[in-house]
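J.: Let me give you the structure first, and then I'll get to my questions.
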Amino acid sequence: RIYKAKYYPRSSFWEARLGTNPLYTWKSIYAARGLLECQLGWRVGTGENILIWQDRWVPQLVGNKINTGPIHGLVLTEVEVIKCIPLSKTRCEDCLVWRGEKTGQYTVRSGYKELMYQSDTTEISEDIQMKVVNEKLPVIKAVGSNWWRPPQDPGVKLNFDAAYKI
């Protein structure tokens, strides 16, 4: 409730923006939202909370959502898949579920698996990887290769933190 009051008081979590000078925890939550968007979907109850043309609610379709629009209407295959969705015998609310687990609940393991799958399917060129490394390690780049060398002989390894002026 605290984050809602501060970062998205008049909208939902999915419409929230990062904002100016956000807390580290909010940045982390905001960054993880993309992972959640990939694997969250609706379990159909009454259907009152589901936007059928926008939300992910049809598990058997690509992207878990209807891929045609309201202008074109449903394709026959979409109709058949929708007809196969089991309906609840009791009047229950629609709820968001994690598609990475059969139980519908998020686990760190399934989140990690999804991240690994996403990283395997995303190819990053070596130039971009080196650019990221150079941006993340500006101190090593500034100091130069004359200051640090890997140990030549197996021996005692000492690690220490130090501050120095260049």
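The values are calculated or read from the model by the stated rules, or taken from the named source; none is laboratory data. All of these numbers come straight from a predicted model, not from anything done at the bench. Ideal geometry is used to build each Cβ from the backbone, glycine not excepted, and the neighbour counts take in all protein chains shown. Side chains are part of the model used for accessible areas, which takes the heavy atoms of the whole protein and leaves out ligands, DNA and RNA. Shrake-Rupley method; radii C 1.70, N 1.55, O 1.52, S 1.80 Å.
J.: When the residues of segment 81-105 are filtered to those that are open to solvent by 90 Å² or more (accessible area, probe 1.4 Å) and of a type outside the set (Lys, Arg), which remaining residue is nearest to Asn67 (Cα to Cα)?
T.: Keep residues of segment 81-105 that are open to solvent by 90 Å² or more (accessible area, probe 1.4 Å), which gives 83-84, 86-87, 89-91, 93, 102-103, 105.
The next check asks that each one be of a type outside the set (Lys, Arg); those that pass are 84, 86-87, 90, 93, 103, 105.
Details: Cys84: 17, Pro86: 21, Leu87: 22, Thr90: 29, Glu93: 24, Thr103: 26, Gln105: 25 Å.
Applying the filter and picking the extreme gives Cys84.
J.: Right, something else. Specify the residue that is farthest from the chain's Cα centre (by Cα); the eligible residues are those in segment 46-81 that are within 27 Å of Ser12 (Cα to Cα) and not in a loop (DSSP other than H, G, I, E, B).
T.: Val62
J.: Oh, and also: What number goes with the only condition from (1) more than 22 Å from Tyr106 (Cβ to Cβ); (2) under 22 Å from the mean Cα position of the chain (by Cα) that Ala5 does not pass?
T.: (2)
J.: Would you confirm whether any residue within segment 85-96 is in contact with an Asp or Glu (Cβ under 9 Å, 6 or more places away or on another chain), at pLDDT 85 or above and assigned to a loop (DSSP other than H, G, I, E, B)?
T.: yes
J.: So which residues in segment 17-50 are among the aliphatic types (A, V, I, L, M), under 22 Å from Gly63 (Cα atoms) and either at pLDDT 85 or above or open to solvent by less than 70 Å² (accessible area, probe 1.4 Å) (or both), if there are any at all?
T.: Selection gives Ala32, Leu35, Leu36, Leu40, Val44, Ile50.
J.: Scan (1) more than 19 Å from Arg33 (Cα to Cα); (2) at pLDDT 85 or above; (3) aliphatic (A, V, I, L, M) for the single condition Val62 breaks and write down its number.
T.: That leaves (2) as the condition not met.
J.: Against the definition (exposed (fewer than 10 other Cβ atoms within 10 Å of the Cβ) and within 26 Å of the chain's Cα centre (by Cα)), how does Val108 come out, yes or no?
T.: Working: exposed (fewer than 10 other Cβ atoms within 10 Å of the Cβ): yes; within 26 Å of the chain's Cα centre (by Cα): yes.
Yes; evaluated as a whole, the condition is true for this residue.
J.: Would you confirm whether any residue within segment 23-36 is in contact (Cβ under 8 Å) with a residue 12 or more places away in the chain, over 28 Å from Tyr117 (Cα atoms) and among the charged types (D, E, K, R)?
T.: Taking every residue of segment 23-36 in turn, none turns out to be in contact (Cβ under 8 Å) with a residue 12 or more places away in the chain, over 28 Å from Tyr117 (Cα atoms) and among the charged types (D, E, K, R).
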